[in-house]
1. Residues that are in contact with a His (Cβ under 9 Å, 6 or more places away or on another chain) and touching a residue at least 60 places away in the same chain (Cβ under 8 Å): does segment 130-137 have at least one?
2. Across segment 511-541, what is the number of residues that are touching a residue at least 40 places away in the same chain (Cβ under 8 Å), surrounded by fewer than 19 Cβ atoms within 10 Å (Cβ to Cβ) and in contact with a Gly (Cβ under 7 Å, 6 or more places away or on another chain)?
3. Quick one: in segment 104-134, of everything that is small (Gly, Ala, Ser) and open to solvent by less than 10 Å² (accessible area, probe 1.4 Å), which residue is farthest from the chain's Cα centre (by Cα)?
4. In segment 295-319, which residues are surrounded by 17 or more Cβ atoms within 10 Å (Cβ to Cβ) and either at pLDDT 90 or above or in contact with a Leu (Cβ under 8 Å, 6 or more places away or on another chain) (or both)?
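The values are calculated or read from the model by the stated rules, or taken from the named source; none is laboratory data. Since the model is a prediction, treat every value here as computed from it, not as a measurement. Here Cβ is always computed from backbone atoms with ideal geometry, including for glycine, and neighbour counts include all displayed protein chains. These accessible areas exclude ligands, DNA and RNA; they are computed on the full protein's heavy atoms, side chains included. Shrake-Rupley method; radii C 1.70, N 1.55, O 1.52, S 1.80 Å.
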Amino acid sequence: MSGGEEDTGGDKTVSFAPEEEKSAKVLQQKLSMLQKEHELQCVSNSLSFPKPVTRLVFWTRPKQRQRWGDVDSHCHINWGDLFFDLFYVASALNLSYVLFYSPSAEGVLYFTGLFGPILLEWFQRTFFDARFVWGDDPFHRMFEIVHLCALSSAAVHIRPVSTMTDPTQIEMFDYSLAVTGLALLNMYRSIEVMLTVDGEDAAKRGEKRRLIDFFVQLSFYLAAAVKSGITYYGSKSADENDFGNRGLESLTNACSRILNLAPERDLAAEVAVEKDHIPIILCLCGWSSTVVFYLFRCYFFEKKFGWHKKYNVPMNIEFLIHRYGELVMLLLGESVLSILIVSSINTVEYHVTFYAAIVSIVLLQYSHYKYQPHSPREHACRRSLRGSVTHYAIMIVYCHALVAVGTAYKMFLSTYEVEASLKNNDLRHLVTTLMSRNLAGAADKTKFTTFEHKAATANLFCISMAIVWLCLEFMWISHVGRAKYWAFVKTKQGIFCDVLRTIGVCFMGTISYYTVEPEWVTLIGLLGICFEIVTTVITRYFWDKQFGDFEDDDDGHWPNVTEPDSVPNEHVDEHDDQA
């Protein structure tokens, strides 16, 4: 019989030492926290397997996840969130063709104007999920279906610049209508929280402010829809025969120019179509103005007047870290698709470019997770309000740059396909390719010569890769804080590391000045990424030497491993050891 038991003549009672009673209380608190986490996981606002229903409930109130000062509950990412991300893989792939056929300032304008609204939708959805949960009821399931339909409508109408600027095409009008619908759905979600949320008053006040942001977006998107609609339906009165002749002439001119069968001056006269840039400018203003106003408010007013707790409820940082990681992963997945879905050419240059691109993408994902903390307590969103909004703004730029990098790799590989077709004068292959792209809505007659197109592709690659590197650096600063960063920079080791970073970024951004050949640009870019990783390792070594470990993480882990901070590490108490 152990020392904790006493025989009272038949009935046995168990008593514990004070230390054992304390351990039992701690264990009970842990079980209570896990039970609370389970209840939160059972109600999710994503499309996942529903729990058994004991009674029919058509609608349930949204619930606040946690309060200020609470420990983050461990939130697993469910299948519905991953299914939601699939729509962004397709969106990123369609967006890549915007830059693919227009690697110019005009292409960048349409790329940011089309990507911004749906990317901001991802962040708004994720921030909502990190604050609130919905019940597993029919009403909110139908709401999710409508939301995904609006998102898919926006994604499917992303087309190259020539299509989006053509007033005789309906794509710009349909896209504007889709993002207008997304803004309306976000407004409803805020109104529902304002009126019915099961949580603090700060949740209602915060959603009231977000409702104003959604209204600003709605105003710009609706104006873009009205402008593009008036332009499109006003152009439908044009002669249908002339429109058909214009399309036939454009196809003839494109084939003749690619095959070099006739000089430029002998081509059939093409009817110039007046471009309408106003709708895309309105879409760009719609999402960018919301981000700028949000940053301005958080930097100068929220913390100063104590509004960050009065008008906001806390987000689950662990959930946010996982969702950020999945967003980066799906955008890198678009880069992998861009590299793999191309025609294979049996040349040394093609294979050098192909494998250099693949290795570069692998190292990019390694470098990304090497910069990111794997624990919520080390993340910028937990460290400070300004660090959180800075990280949010950097992520928006970073996502644009990642898609541009994947597009540049696809353009490099496609160059070999065009050169091989020109060399072999493969008429059937070229006409088939042209017609398939036309059916996909991606036919665009590039005005670049071979050298100009290579130069434009190299410039796109160098600028986007330099932006990726800069974003990673600024994200790291947002995580560690400006005070620690400036203290590190003042040391000799910090100056040395910053000099290495500056040299690397400047070199990466100027590769196109030295060469425009795809195989050399990708090889030098790969060396630049390796240099960046070495610089990061050196910086981490000196940083840990001065401030200690950047995070309490096992250095032997591959850097994309995220450890859940909410699950206690001490699975075995002293009482269990004694037992």
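1. yes
2. Of the residues in segment 511-541, 0 are touching a residue at least 40 places away in the same chain (Cβ under 8 Å), surrounded by fewer than 19 Cβ atoms within 10 Å (Cβ to Cβ) and in contact with a Gly (Cβ under 7 Å, 6 or more places away or on another chain).
3. Checked segment 104-134; the qualifying residue farthest from the chain's Cα centre (by Cα) is GLY107.
4. Within segment 295-319, CYS298, GLU302, HIS308 meet the criteria.
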